[in-house]
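Trainee: This structure is in structure tokens; I'll ask about it shortly.
Derivation of every value follows stated rules applied to the coordinates shown; laboratory data play no part. Since the model is a prediction, treat every value here as computed from it, not as a measurement. Because the Cβ atoms are built from the backbone with ideal geometry, glycine has one as well, and the counts that use them run over all protein chains shown.
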Amino acid sequence: MADISLRSGLVDKPSLLSGALSLWRSADAVQRVAIVTAFALLAAAIAAPLIAPHGPLDQSLLSRLSPPIGFERYRDGFLLGTDELGRDILSRTLYGLRLTLSLALLGSIIGLLIGGLLGLLSGLRGGLFEDIVMGAVDAQIAIPFTLIALLFLAIFGSSLTVMVCVLGVYGWEQYARIVRGEVKKLKAMPFVEAARAAGASNFRIATRHVLPNVVSPLVVQFTLSFSNIVLLESTLSFLGLGVQPPTATLGSMVGFGRDYMPTAPWVVIVPALAILLVTFAVQILGDWLRDRADVRLRAR
Amino acid sequence: MLKYMTRAGLKIVITFLAIVTLAFAATRLSGDPINYIAGQGLTQADRDLLVTYYGLDRSILEQYLAFMGSFFDGEFGLSFVERRPVSVVIAERIWPSLQLLLASTALTLALAIPLGIVAAVWRKSWVGSAVMTLAFLFYAVPNFVLAVFMILVFSYWLNWLPVVGNGTWAHFLMPTIAMSGLLIAGLTRFTRNAMLDVLGQDFIRTARAKGLAETEVILRHGLRNASITILSVIGLQVASLAAAGSVVVESIFAWPGIGELLVRSAIQRDYPVLQFGVIAVSIAVLIINAVVDLAYTWADPRIRLGEA
């Protein structure tokens, strides 16, 4: 019982630091590696302009397609080699990581806001509004999102703004579904009834009593959706439909580097490995958070 | 059952209307479609002719109704790029896509279900953890990354497999694996969990207690009961994941299927093909979902008899 009220934030919260510490203690070795990796990637993305040895677009035509350190013909200063225009792969990967993570974060937040709001409103109000929203959710679940993304990117062109909008729409239906379900469940709870009897307004009930209790499943969904958005963005950029050159994201580096694979495999291997690092770290963390949030699994 | 089917049917109709409306609205939102159809230096007379031909001078409502009407007479217009009817362009892509889809579904089922059972039954030994770790890792590998690494190793370094085309069985290997990687990983994890749920139930203990052989317990009592949950996830996940996967995988391997066509039309802004291609794939996904839905509804007496 104490556990439940702690998670719902109704009892005094533990300080952020001790919370983080107890989270760290509950993680196993693999999860700790994932946490460290995630923070390292995040730091690298934020600090990209400071730590990148070159600009992402700086060309050095004399050292085109030079291999990474340790190989023959390695050129000093280009640690992970260069691409077909002599641009430093390490710097481009760092900037690509920065853009990929920013896009994914922005996209996840927009999706959370849209879906969360629609779910909250349809759960609280019900009626025709709920029917329409849930009909749209069903339709969205049934249609592969990649197809919709293709349609919109083709029509509105592939600018950063359009990309953010497309990624922002992704996943709204999951948030809406989850929030609506939780809200309907909570609405029947005695403490909500008590708040209503005490004269709390609808707004107050929604923000103070319902929302804090929905946070935990939303966090889990957020990590899931974040890794899916990284995937979606990389895939679209890989296909040449996402962020346009010369700007690099990890996906577009792999996509445009394909032509040089036989002679200069590092052009695709480095960004591809970076994508794997991101998806591995996010997935392990998401899985861990989901297990923690699921009381049934914790008992096992 | 009847009520269930009516609701399922209604859902399909709503989804169909949603995707058609979305496709229609998207192309109309993007400004004057004539700009895409016609090149530079068109005379005003030619322009007017095109406007009339495509019905762009009519009201939005009329255009929408005409757009809907095209699903009944099969007149989807001409591809901007290929100057051939859209229906023909799409139709000739169906079989290669279907081949790849069938191959990867077969591979997924053949690997994921046995692996999932193994992981559930030996969940405490290293075999189970090994399977689950692999499944977990592969679930985080985007299919284009898998494809790129396979091409590097098997085509460029070892020179074993061809990169593009769909001529021989060797051409099938990499695209099939690239497309099923995620599906196998996901379905293995799901099968394991479904099996664990079932194997923890009382009737399994009863089956063991009455002296059935362990294989019999696992396959006849375990798998059979887990299969309903597994079927439902195959329908929901596999169809849409495969649709998304085929877009990527077909483009990488230049596979002459619908996915490759969609990406190419998106890049070349061939709107008629893209529009109806997206609608066609969505309908295919809807139909697969509906069939699977019906299949497991029929297989589960609790749903069939309207108790759940």
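Trainee: Please enumerate, by chain and number, the lysines with C-alpha under 29 Å from the C-alpha of B:LYS11, excluding those fewer than 8 residues away in the same chain.
Mentor: Those lysines meeting the cut-off are A:LYS184, A:LYS185, A:LYS187, B:LYS3.
Trainee: If you don't mind, there's one more thing I want to ask. Which angle from 0 to 90°, rounded to the nearest 10, does the C-alpha axis of helix A:160-169 make with the longest principal axis of chain A?
Mentor: For A:160-169 against chain A, the angle is about 40 degrees.
Trainee: Counting only other residues whose beta carbon sits under 15 Å from that of A:ILE275, what net charge do I get with K and R as +1, D and E as -1?
Mentor: Result for the local shell: +2.
Trainee: Which whole-number percent is the relative contact order of chain A (Cα, under 8 Å, 6+ apart)?
Mentor: 22
Trainee: Now for a separate question. Take the eigenvalues of the Cα gyration tensor for the stretch B:87-304, scale each by 5, and report the square roots as semi-axes in whole Å, largest first.
Mentor: 36, 22, 12
Trainee: If you place +1 on the Cβ of every Lys and Arg, -1 on the Cβ of every Asp and Glu, and leave all else neutral, what size is the dipole of the protein assembly as shown about its Cα centre, to the nearest 20 Debye?
Mentor: Working: 47 positive and 39 negative charges, 411 e Å.
Approximately 1980 debye in magnitude.
Trainee: Where the only charges are on Cβ atoms (+1 Lys, Arg; -1 Asp, Glu), what is the dipole of the stretch B:87-304 about its Cα centre, to the nearest 20 debye?
Mentor: Numbers: 14 positive and 10 negative charges, 132 e Å.
Roughly 640 debye, rounded to the nearest 20.
Trainee: Quantify how strongly other chains surround peptide A:281-288 by giving the mean number of their Cβ atoms within 10 Å of each of its Cβ atoms.
Mentor: Counting Cβ atoms of other protein chains within 10 Å of each residue's Cβ and averaging gives 2.
Trainee: Taking the 0 to 90 degree range and rounding to the nearest ten, how far is the long axis of helix B:258-268 tilted relative to the main principal axis of chain B, both from C-alpha atoms?
Mentor: 40
Trainee: Also, I was wondering about something else. Convex hull over the Cα atoms of the protein assembly as shown, averaged projected area in nm²?
Mentor: Details: hull surface 135.7 nm².
Averaging across all directions leaves 33.9 nm² for the Cα convex hull.
Trainee: In degrees between 0 and 90, to the nearest 10, how far off the longest principal axis of chain A does helix A:127-142 point, with axes built from Cα atoms?
Mentor: 30
Trainee: If the elastic network links every pair of Cα atoms under 10 Å, which of B:TRP122, B:TRP157, B:TRP95 fluctuates the most in the Gaussian network model of chain B?
Mentor: Of B:TRP122, B:TRP157, B:TRP95, the most mobile in the Gaussian network model is B:TRP157.
Trainee: Among A:LEU128, A:LEU241, A:LEU276, which one moves the most in a GNM of chain A with springs linking Cα atoms closer than 10 Å?
Mentor: Among A:LEU128, A:LEU241, A:LEU276, the largest mean-square fluctuation in the Gaussian network model of chain A belongs to A:LEU128.
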